[in-house]
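The values are calculated or read from the model by the stated rules, or taken from the named source; none is laboratory data. Quantities reported herein were computed from a predicted structural model and do not represent experimental measurements. Note: ideal-geometry Cβ built from the backbone for every residue, glycine included; neighbour counts use all protein chains shown. Please note that ligands, DNA and RNA were not included when accessible areas were found on the heavy atoms of the full protein model with its side chains. Shrake-Rupley method; radii C 1.70, N 1.55, O 1.52, S 1.80 Å.
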There are 4 protein chains.
Amino acid sequence: MNKNRLEAFSDGVIAIIITIMVLELKVPHEGEFSALTEKLPTFLSYVVSFIYVGIYWNNHHHLLHTSKRVNGAILWANLHLLFWLSLLPFATGWMGENHFAPATTAFYGIILLLAAIAFNILQIKIISEHGKENSTLAKAVGSGNKEKLSLACYFVGIPISYFVSQWIGVAIFVLPAIMWFLPDRRIEKEIEKKAE
Amino acid sequence: MNKNRLEAFSDGVIAIIITIMVLELKVPHEGEFSALTEKLPTFLSYVVSFIYVGIYWNNHHHLLHTSKRVNGAILWANLHLLFWLSLLPFATGWMGENHFAPATTAFYGIILLLAAIAFNILQIKIISEHGKENSTLAKAVGSGNKEKLSLACYFVGIPISYFVSQWIGVAIFVLPAIMWFLPDRRIEKEIEKKAE
Amino acid sequence: MNKNRLEAFSDGVIAIIITIMVLELKVPHEGEFSALTEKLPTFLSYVVSFIYVGIYWNNHHHLLHTSKRVNGAILWANLHLLFWLSLLPFATGWMGENHFAPATTAFYGIILLLAAIAFNILQIKIISEHGKENSTLAKAVGSGNKEKLSLACYFVGIPISYFVSQWIGVAIFVLPAIMWFLPDRRIEKEIEKKAE
Amino acid sequence: MNKNRLEAFSDGVIAIIITIMVLELKVPHEGEFSALTEKLPTFLSYVVSFIYVGIYWNNHHHLLHTSKRVNGAILWANLHLLFWLSLLPFATGWMGENHFAPATTAFYGIILLLAAIAFNILQIKIISEHGKENSTLAKAVGSGNKEKLSLACYFVGIPISYFVSQWIGVAIFVLPAIMWFLPDRRIEKEIEKKAE
């Protein structure tokens with residue numbers, strides 16, 4: 001089984017996810033700028049989610065770039081990741097429409113957490129298919145500190161959003177986005193090392 | 001006519017189908033976790049359909065992998081399959097919103113049945129284009145026990161959903177999904193045999 | 001400029017058009033089969049449009065298969081075709097929801113007519129880019145009887161839908177679909193001739 | 001990192017943006033032609049946006065055609081462009097539904113302005129990656145008069161839409177579309193020069 005159609009299909013699904021989120025931004029019935037202010041929370045939640053989906057697309061791109069083969073387990077691990085990402089428009093819309101109510105912000109964090117777990121599972125499946133010894137990816141990921149830190153942020157942010165303050169929760173959820181936004185040079189470095 | 005654009009187009013349609021299903025998960029207007037519980041049936045129906053579409057994409061991938069040429073009949077058999085799959089978001093939403101009411105569950109089974117029949121027709125058209133003797137696919141499919149068993153499940157599940165219990169019906173509809181979820185090694189085995 | 005990205009983009013747009021039409025099939029709030037009967041006109045209009053978009057995708061595939069280069073005029077002629085096709089979901093939904101009311105059926109015919117004209121313009125632009133003498137497409141299209149017959153059907157069907165009977169109009173609109181459904185062997189024949 | 005997946009992903013997102021705009025054209029509940037007249041402003045705003053997205057796709061195509069490599073900065077500059085383009089369906093729908101009310105027309109211009117700025121940033125990032133001396137793109141763009149003129153139109157059109165007349169504003173917003181509609185031969189010329 002070759003990886004091209006897997007990449008193309010994932011690109012398609014991610015492209016649709018990132019775009020249909022904007023459909024939650026319902027057009028206001030009044031034609032005044034004041035009508036936009038009530039859309040502000042939905043807009044902000046859209047911005048955060050757009051960046052998150054962008055990061056996932058970028059990381060997904062890197063992940064599959066290193067893999068030569070795909071098997072059934074990788075295919076389903078990939079669909080599992082796409083499943084949680086596909087719930088992001090729903091979570092984004094719910095959080096935005098309810099002005100970051102505690103439950104909605106915590107729920108948003110839960111979806112981010114489950115997507116991150118799914119991404120880690122996919123990473124593990126790809127590494128195990130290629131053999132841990134020779135895997136460019138295994139060396140690049142190393143001890144996976146970035147992955148662990150992200151999971152920790154979601155784990156901490158979810159109860160804080162619900163029990164303490166949703167705004168602190170949102171701030172915590174934005175941390176991994178910033179961390180991943182800075183491009184993940186690990187994989188590129190390993191590819192360069194191998195080329196030498 | 002080459003098969004690349006057929007694959008790309010099918011991937012596009014399937015990617016959209018799997019993603020727009022989530023649009024049936026309407027964002028609740030209350031920002032409490034309790035608002036999510038009424039979404040549970042819609043969510044469950046979404047999970048089942050997501051897995052089904054994932055299976056179809058996977059099997060479609062295998063099916064076209066073995067075929068070298070496509071003709072007009074294959075093209076229309078493919079569009080016929082996409083047509084029934086495109087009704088899955090509607091059937092999923094109807095079943096979820098009405099909490100698996102008997103008629104909606106039976107209707108869901110009918111769409112699954114028609115999609116399965118369409119898949120079998122596509123399989124037959126691809127085999128006949130390539131000649132039954134030399135076809136990797138013909139050997140892989142063999143007597144088509146898996147295909148027959150799936151059709152039997154849908155045939156039995158539809159009246160049971162409507163006249164007996166929708167929950168038994170749903171359980172029966174989930175069986176083929178489990179069976180196909182386990183990757184179909186038949187085609188891969190035949191490809192390996194040929195390579196030896 | 002190469003044609004691959006033009007094909008990929010057109011495939012994407014056509015795949016989305018064919019799939020979002022199903023979003024006009026709104027999920028009924030009652031969970032009885034009787035709730036589906038009122039959806040029947042929308043469903044029928046969806047079937048007709050699905051076949052039409054399938055035909056356009058198929059013909060578009062053939063059209064670009066013969067062309068080696070694309071220029072700015074071809075690119076805009078292609079977007080012009082996609083524009084009218086993009087209005088098909090709207091026209092389909094309007095016709096279906098209003099149970100084939102005369103004005104809606106006539107409007108549906110107008111969109112079909114404009115899409116057909118756009119397709120002819122695209123064909124002319126591709127032929128002129130490649131030079132009429134050497135163009136495989138020019139020879140395949142020949143006097144363009146099929147194209148002329150389709151346009152005639154739309155021209156006749158529109159006033160009949162509005163002033164006489166929408167059902168006769170629909171029957172006339174289905175004629176070109178049947179005619180084009182039978183695969184257009186002209187282009188394939190010319191390609192074969194050239195290969196000899 | 002190679003540019004193919006970036007092109008494919010951008011094509012996917014742009015194809016979805018251009019198509020979901022039509023979803024703002026809500027199907028009227030009456031089946032008379034008179035029901036279409038109230039849709040006219042939405043339709044007109046759809047036409048303008050369709051042409052704008054078509055132009056962006058076309059220019060994006062040219063831009064990436066000249067670039068051999070992509071880096072992290074280009075990737076995010078590209079997502080930044082897609083972000084503003086993804087808000088075009090919202091801006092289009094708002095303007096259309098409110099019959100070009102001043103605030104909505106000015107907002108539409110703001111989105112056009114931000115998309116244009118994003119496009120310029122992307123252009124700068126691609127040029128700097130390839131080295132200003134050798135860049136085909138740098139030579140093609142030259143002093144960037146077309147880009148500067150477009151930005152000027154948006155800058156002028158926004159306050160005019162809001163404070164003077166939205167119709168003059170719309171007319172000003174249409175000017176860059178006409179200017180870009182005429183295909184940008186600069187890049188093609190530079191490619192030809194290099195080939196000599």
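How big, on average over all directions, is the shadow cast by the Cα convex hull of the protein assembly as shown, in nm²?
35.4
Testing the spin-label approximation: label points 7 Å from Cα along Cα→Cβ at A:A73 and D:L149. State their distance in nm.
6.0
What percent does the relative contact order of the range C:1-64 come to when contacts are Cα pairs within less than 8 Å and at least six residues apart?
47
Give me the distance in nm between label points sitting 7 Å out from Cα along the Cα-to-Cβ direction at A:F163 and B:V156, one decimal.
With each label placed 7 Å out from Cα toward Cβ, I get 4.9 nm.
What are the extents of the Cα atoms of chain A along their three principal axes, in Å, largest first?
On the principal axes, chain A reaches 59, 34, 29 Å in Cα extent.
Which whole-number percentage describes the relative contact order of chain C, with Cα contacts under 8 Å and a sequence gap of 6 or more?
24
Positive end of the charge dipole of the range C:1-89 (Lys, Arg +1 and Asp, Glu -1 on Cβ, about the Cα centre): tell me which of C:A77, C:P89, C:S67 has its Cα farthest that way.
Positive-most Cα among the choices belongs to C:S67.
To the nearest Å, what is the center-to-center distance of the range C:11-38 and the range D:154-183, using C-alpha atoms only?
Here the answer is 38 Å between Cα centres.
At 20 Å minimum axial length over the Cα atoms and a Kyte-Doolittle cut of -0.5, report the qualifying DSSP H helices in chain C, or say none.
In chain C, the long hydrophobic H runs are C:4-20, C:40-65, C:72-86, C:102-130, C:145-159, C:166-181.
What percentages make up the Cα-Cα pair-distance distribution of the range A:1-72 when the bins are 5 Å wide from 0?
Per 5 Å bin, starting at zero, the Cα-Cα P(r) for the range A:1-72 comes out as 3, 14, 20, 17, 13, 10, 8, 6, 5, 3, 2 percent.
Label position 7 Å from Cα toward Cβ: report the copy-to-copy distances for C:L182 in nm, one decimal, ordered from shortest.
4.8, 4.8, 6.8
Leaving out ligands, DNA and RNA, what percent of the accessible area of chain B is carbon and sulfur, probe 1.4 Å?
Answer for chain B is 67 percent, counting heavy atoms of protein chains only.
Between their Cα atoms, which of C:K3/D:K3; A:K68/D:K3; C:K3/D:K26; A:K125/D:K68; C:K39/C:K146 are more than 26 Å away from each other?
The pairs that break the limit, which is 26 Å between Cα atoms, are C:K3/D:K26; A:K125/D:K68; C:K39/C:K146.
Please give the total accessible area that chains A and B bury against each other, computed with a 1.4 Å probe and expressed in Å² to the nearest 100.
For A against B, buried area totals roughly 3000 Å².
So, for chain A, what is the accessible surface per residue at a probe of 1.4 Å, expressed in square angstrom?
Per-residue accessible area for chain A comes out at 39 Å².
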